[in-house]
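Visitor: Attaching a single structure in structure tokens format; questions to follow.
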Amino acid sequence: MDMAAPGSPLPSESEFVVVGAGLLGLSTAWHLARRGREVAVLERATIGHCGGGSHGSCRIFRLGYDDPRYVELATLALPLWRELETETGSDLLTTTGQVTFGPGLDRLQAALRQAGAPAEMWTDAEVAGCFPEVTAGGPVLFEPSSGVIHAEGTLRALRFGVEGRLHESVQVLDIHDDGRAVKVVTDAGVLTASVTVCCAGPWSGPLLAGAGIGLNLSTSLEQVAYFAAAHPISTPMPVIVERGQPMLYGLPTPDRRAFKVGRHHGGPPLSPDEADLAPDPAEDRRLAAGVNRLLPGFDPCPVRSERCFYDNSPDEDFVIDRVGRVTFGAGTSGHGFKFGPLLGELLADLAEGRTPRSPTTWLNSSRPGIRI
């Protein structure tokens with residue numbers, strides 16, 4: 001197949017069209033391209049743009065979930081991260097270890113044990129001995145396999161894998177499945193595809209509704225802040241997770257110059273087209289309070305803050321499915337990045353009509369509360 005040159009006109013047809021070039025869309029296109037399939041990727045803005053859900057410097061990779069099915073998915077995703085690194089010559093996932101504290105550690109440990117994933121309980125003294133900059137205030141669960149995903153590097157690596165198939169600044173207006181083919185209407189023309197894969201993040205709901213697929217999805221605006229150490233730190237920092245409502249999490253940036261802190265599902269619901277992406281000082285103060293309590297060796301005044309969108313499902317589980325000739329990945333709810341290469345594989349399988357190697361029935365759109 002001849003690949004289009006960068007900046008080339010939109011084709012009138014393609015075997016597969018992927019809508020959205022965030023992590024899920026790029027990963028899906030990467031898998032399809034590796035299989036020798038013809039694929040066009042459409043992105044409304046540019047890769048990694050600040051209004052998308054995949055932008056930013058880093059994300060957490062962890063196996064630890066209360067649900068063993070997610071532990072299994074993370075376990076399957078790990079070798080795919082290493083494959084992507086090998087294929088693109090990139091360092092994308094750095095193992096740091098993780099300390100998790102707060103309520104329900106027994107459930108978390110049981111899920112990890114059931115999946116055969118390594119984890120062990122540590123005392124507060126053991127945490128202080130290994131990670132002296134972290135004040136846990138009680139027992140923790142240590143996960144040695146956790147680490148930091150270089151998010152910006154991941155998008156660059158995936159872009160390299162689909163270069164020539166990517167069309168940025170192309171806004172999809174409508175998706176129509178007539179049972180024989182899918183027409184993707186854009187502001188740059190109409191594409192006809194055998195199958196369309198919609199991975200448009202917070203814009204997925206309206207686009208899929210136009211295709212007759214009503215999903216109960218919502219969008220929230222989240223905020224993270226980056227904090228610098230108040231003095232030189234000789235011991236590498238781990239990922240930290242404080243379980244609660246909302247969950248507080250933190251991770252070192254890939255260059256180790258700052259520590260990223262956020263509250264999982266701590267932001268307000270809103271429309272992505274009406275959002276103000278300017279950081280909220282009140283949220284910075286909430287995050288600074290967490291830093292004061294858990295990371296006393298860090299300056300509580302953030303060096304910078306940024307906002308991003310969560311694409312949410314009602315139960316916080318992913319929505320991975322195919323209806324007719326439209327395949328879709330949505331509802332990643334702020335915890336999907338670690339599974340990116342695997343979710344792309346699952347979506348590519350569904351798009352090709354294959355049975356995925358990991359069952360996806362528990363993530364399909366027919367489960368209670370998802371379809372509207």
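The values are calculated or read from the model by the stated rules, or taken from the named source; none is laboratory data. Computed from a prediction, not measured in an experiment: that's the story for all the values here. Cβ atoms come from the backbone with ideal geometry, glycine included; neighbour counts cover every protein chain shown.
Visitor: Test of understanding: among His49, His55, which residue is free of Cβ contacts under 8 Å to residues at least 12 places away in the same chain and not in a helix (DSSP H, G or I)? Before the answer, list the steps.
Guide: Numbers: His55 fails: free of Cβ contacts under 8 Å to residues at least 12 places away in the same chain.
Only one candidate qualifies: His49.
Visitor: On to the next question. For segment 332-372, give me each residue that is of a type in the set (Ser, Thr, Tyr) and touching a residue at least 60 places away in the same chain (Cβ under 8 Å). Break it down into steps so the answer makes sense when it comes.
Guide: Taking segment 332-372 first, the residues of a type in the set (Ser, Thr, Tyr) are 332-333, 355, 358, 360-361, 365-366.
Residues satisfying the conditions are Thr332, Ser333, Ser358, Ser365.
Visitor: So if I check each of Glu152, Glu85, which one is surrounded by 15 or more Cβ atoms within 10 Å (Cβ to Cβ), of a type in the set (Asp, Glu) and within 16 Å of the chain's Cα centre (by Cα)? Let's see the steps before the verdict.
Guide: Numbers: Glu85 fails: within 16 Å of the chain's Cα centre (by Cα).
Every option except Glu152 fails the conditions.
Matching residues to (1) of a type outside the set (A, V, I, L, M); (2) closer than 26 Å to Pro236 by Cα; (3) modelled with pLDDT under 95:
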{"position": "Arg37", "(1), (2), (3)": "yes, no, no"}
{"position": "Ile47", "(1), (2), (3)": "no, no, no"}
{"position": "Arg62", "(1), (2), (3)": "yes, yes, no"}
{"position": "Asp67", "(1), (2), (3)": "yes, no, no"}
{"position": "Val71", "(1), (2), (3)": "no, yes, no"}
{"position": "Gln109", "(1), (2), (3)": "yes, yes, no"}
{"position": "Ala136", "(1), (2), (3)": "no, yes, yes"}
{"position": "Val140", "(1), (2), (3)": "no, yes, no"}
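Visitor: Another question about this same structure. Within segment 293-300, identify whether any single residue is within 22 Å of the chain's Cα centre (by Cα), in contact (Cβ under 8 Å) with a residue 12 or more places away in the chain and surrounded by fewer than 20 Cβ atoms within 10 Å (Cβ to Cβ), and answer yes or no.
Guide: The answer is no, given that none of the residues of segment 293-300 is within 22 Å of the chain's Cα centre (by Cα), in contact (Cβ under 8 Å) with a residue 12 or more places away in the chain and surrounded by fewer than 20 Cβ atoms within 10 Å (Cβ to Cβ).
Visitor: So, in segment 88-126, how many residues would count as being among the charged types (D, E, K, R) and surrounded by 13 or more Cβ atoms within 10 Å (Cβ to Cβ)?
Guide: Taking segment 88-126 first, the residues among the charged types (D, E, K, R) are 91, 106-107, 113, 120, 124, 126.
Next, only the ones that are surrounded by 13 or more Cβ atoms within 10 Å (Cβ to Cβ) stay: 107, 113, 124, 126.
Count: 4.
Visitor: In segment 13-40, what residues are β-branched (Val, Ile, Thr) and over 18 Å from the mean Cα position of the chain (by Cα)? Working first, answer last.
Guide: Of segment 13-40, the ones β-branched (Val, Ile, Thr) are 17-19, 28, 39.
Answer for segment 13-40, where residues must be β-branched (Val, Ile, Thr) and over 18 Å from the mean Cα position of the chain (by Cα): Val17, Val39.
Visitor: Another one. Please enumerate the residues belonging to segment 233-275 that are over 22 Å from Thr94 (Cα atoms), free of Cβ contacts under 8 Å to residues at least 24 places away in the same chain and assigned to a loop (DSSP other than H, G, I, E, B).
Guide: If the condition is that a residue be over 22 Å from Thr94 (Cα atoms), free of Cβ contacts under 8 Å to residues at least 24 places away in the same chain and assigned to a loop (DSSP other than H, G, I, E, B), then Gln245, Pro246 are the ones that fit.
Visitor: Could you check segment 306-335 and list, in sequence order, the residues that are crowded, with 24+ Cβ neighbours inside 10 Å, at negative phi and in a loop (DSSP other than H, G, I, E, B)?
Guide: Phe318, Thr332
Visitor: May I pose another question? Inside segment 87-114, can you point out the residues that are among the charged types (D, E, K, R), in a helix (DSSP H, G or I) and under 26 Å from Ser57 (Cβ atoms)? So that I can check it myself, show each step before the final result.
Guide: As a first pass, look at segment 87-114 and keep what is among the charged types (D, E, K, R): 87, 91, 106-107, 113.
Keeping just the survivors that are in a helix (DSSP H, G or I) gives 87, 106-107, 113.
Within segment 87-114, Glu87 is the sole residue that qualifies.
Visitor: Do we find a residue being in a strand (DSSP E or B), more than 23 Å from Arg34 (Cβ to Cβ), of a type in the set (A, V, I, L, M) and under 16 Å from the mean Cα position of the chain (by Cα) anywhere in segment 59-78? Before the answer, list the steps.
Guide: Start the filter on segment 59-78 by keeping residues that are in a strand (DSSP E or B), which leaves 59-61.
Still in the list and also more than 23 Å from Arg34 (Cβ to Cβ): 60.
The next check asks that each one be of a type in the set (A, V, I, L, M); those that pass are 60.
Retained after the next criterion (residues that are under 16 Å from the mean Cα position of the chain (by Cα)): 60.
Yes, segment 59-78 contains a residue that is in a strand (DSSP E or B), more than 23 Å from Arg34 (Cβ to Cβ), of a type in the set (A, V, I, L, M) and under 16 Å from the mean Cα position of the chain (by Cα).
Yes or no, residue by residue, for (1) under 16 Å from Gly344 (Cβ atoms); (2) surrounded by fewer than 24 Cβ atoms within 10 Å (Cβ to Cβ):
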residue	(1), (2)
Ala157	yes, yes
His167	no, yes
Gln171	no, yes
Asp177	no, yes
Arg180	no, yes
Val184	no, no
Ala188	no, yes
Val195	yes, no
Cys198	yes, no
